[in-house]
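Novice: Below is a structure I'd like to ask you about.
The values are calculated or read from the model by the stated rules, or taken from the named source; none is laboratory data. Everything numeric here is computed off the predicted structure, so don't read it as measured data. Methodologically, a virtual Cβ is constructed for each residue, glycine included, from the backbone with ideal geometry; neighbour enumeration extends over all protein chains shown.
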Amino acid sequence: MNLRSLASGIGSLSDDTRRELYEYVVGRGEPVSREEAATATGLRPHKANFHLDRLVEEGLLEVEYRRLTGRTGPGAGRPSKLYRRSRQEFALSLPPRRYDLVGDILAASVTRASAGEPLDAALQDSARDHGIEAGQAAPHDDPASIEDLTSALAGQGYEPGEEDGVLELHNCPFDALADRHRALVCGLNESYVQGVADGMGCARADARLEPGDGRCCVRVHRRE
């Protein structure tokens with residue numbers, strides 16, 4: 001989900017009426033009808049319907065249709081439109097942070113290590129595999145260019161920019177963890193970025209661990 005969609009979805013809850021309806025629906029723990037939501041919040045049904053549908057458009061709620069009487073067949077009546085919390089997750093961080101990705105990498109590393117792989121190798125292999133998966137999923141030409149890699153890393157929150165032929169990553173998506181566990185996280189970062197390049201088939205990209213102030217510890221050089 002892009003920044004505009006995230007901001008729009010979360011921003012819709014700044015409206016007091018929509019926020020009250022949203023909190024009521026998710027607090028019920030089961031699908032809610034327009035009439036029930038309207039009664040609970042003191043709104044007219046048509047007004048509740050308008051705001052509930054806007055929450056659906058923003059991806060915060062989902063709709064299902066079901067007969068509340070339990071009856072089926074002819075004469076059972078039309079199914080009711082019910083609202084429930086969306087399965088879609090919203091998380092907005094500025095600058096971008098990807099602590100969920102670190103969690104996935106560490107969990108995969110533990111699984112590998114439990115199967116007998118040395119822990120250091122498991123960490124680097126898991127980070128690279130996650131990078132390869134992200135690189136394969138990113139739009140790119142065949143073969144991929146450094147420009148393709150730049151776009152892919154931008155989508156991962158690295159805020160890349162080329163300076164003197166080297167791709168600088170101006171943001172570390174794992175910043176707080178890197179501050180506390182620098183050697184571990186920076187090593188994972190290097191393997192992940194190289195994995196993204198390898199997954200895209202960007203053979204000219206060479207990710208190197210080159211720490212610097214105010215940026216990611218990894219820089220990407222061009223292979224000749």
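Listed here are the residues, each with its yes/no results for (1) under 25 Å from the mean Cα position of the chain (by Cα); (2) closer than 22 Å to PRO95 by Cα.
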residue	(1), (2)
ASP125	yes, no
ALA144	yes, no
GLY157	yes, yes
GLY161	yes, yes
GLU168	yes, yes
VAL193	yes, yes
ARG208	no, no
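Novice: For ARG215, indicate whether it is surrounded by fewer than 23 Cβ atoms within 10 Å (Cβ to Cβ) and at pLDDT 95 or above.
Specialist: no
Novice: While we're here: Name the residue, out of ALA178, ALA203, ALA197, that is farther than 18 Å from ALA122 by Cα, among the hydrophobic types (A, V, I, L, M, F, W, C), in contact (Cβ under 8 Å) with a residue 12 or more places away in the chain and buried (at least 24 other Cβ atoms within 10 Å of the Cβ).
Specialist: So the residue among ALA178, ALA203, ALA197 that is farther than 18 Å from ALA122 by Cα, among the hydrophobic types (A, V, I, L, M, F, W, C), in contact (Cβ under 8 Å) with a residue 12 or more places away in the chain and buried (at least 24 other Cβ atoms within 10 Å of the Cβ) is ALA197.
Novice: Checking the condition touching a helix residue (DSSP H, G or I) at 6+ places or on another chain (Cβ under 9 Å) and under 17 Å from ILE146 (Cβ atoms), which residue from ARG208, ARG223 passes?
Specialist: Only one candidate qualifies: ARG208.
Novice: Here's a follow-up. Given region 144-224, what strands (runs of 3 or more DSSP E) lie entirely inside it while holding 3 or more residues that are closer than 26 Å to LEU3 by Cβ and not polar (S, T, N, Q)?
Specialist: 160-163, 166-169, 218-222
Novice: OK, next. Looking at region 54-65, I want the residues that are at positive phi and surrounded by 13 or more Cβ atoms within 10 Å (Cβ to Cβ) and have a partner that is among the small types (Gly, Ala, Ser) and modelled with pLDDT under 95 with Cβ atoms under 6 Å, at least 6 apart or on another chain. Which pairs are those?
Specialist: Matching pairs, first to second residue: GLY59/GLY9; GLY59/SER86.
Novice: Moving to a separate point now. Among the helices (runs of 4 or more DSSP H) lying completely within region 1-117, list those that include at least 3 residues that are within 30 Å of GLY131 (Cα to Cα), modelled with pLDDT under 95 and of a type in the set (Gly, Ala, Ser).
Specialist: In region 1-117, 3-11 are the helices (runs of 4 or more DSSP H) which contain 3 or more residues that are within 30 Å of GLY131 (Cα to Cα), modelled with pLDDT under 95 and of a type in the set (Gly, Ala, Ser).
Novice: Is it the case that CYS186 is among the hydrophobic types (A, V, I, L, M, F, W, C) and either surrounded by fewer than 24 Cβ atoms within 10 Å (Cβ to Cβ) or touching a strand residue (DSSP E or B) at 6+ places or on another chain (Cβ under 7 Å) (or both)?
Specialist: Yes, satisfied.
Novice: Moving on. Would you pick out the residues in region 148-173 that are surrounded by 13 or more Cβ atoms within 10 Å (Cβ to Cβ) and of a type in the set (Asp, Glu)?
Specialist: ASP148, GLU159, GLU162, GLU168
Residue-wise test of (1) within 14 Å of LEU61 (Cβ to Cβ); (2) loosely packed, with under 15 Cβ neighbours inside 10 Å; (3) in the same structural domain as GLN156 (by TED's automatic domain parsing).
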{"residue": "ALA7", "(1), (2), (3)": "no, yes, no"}
{"residue": "VAL25", "(1), (2), (3)": "yes, no, no"}
{"residue": "PRO31", "(1), (2), (3)": "yes, no, no"}
{"residue": "ALA40", "(1), (2), (3)": "no, no, no"}
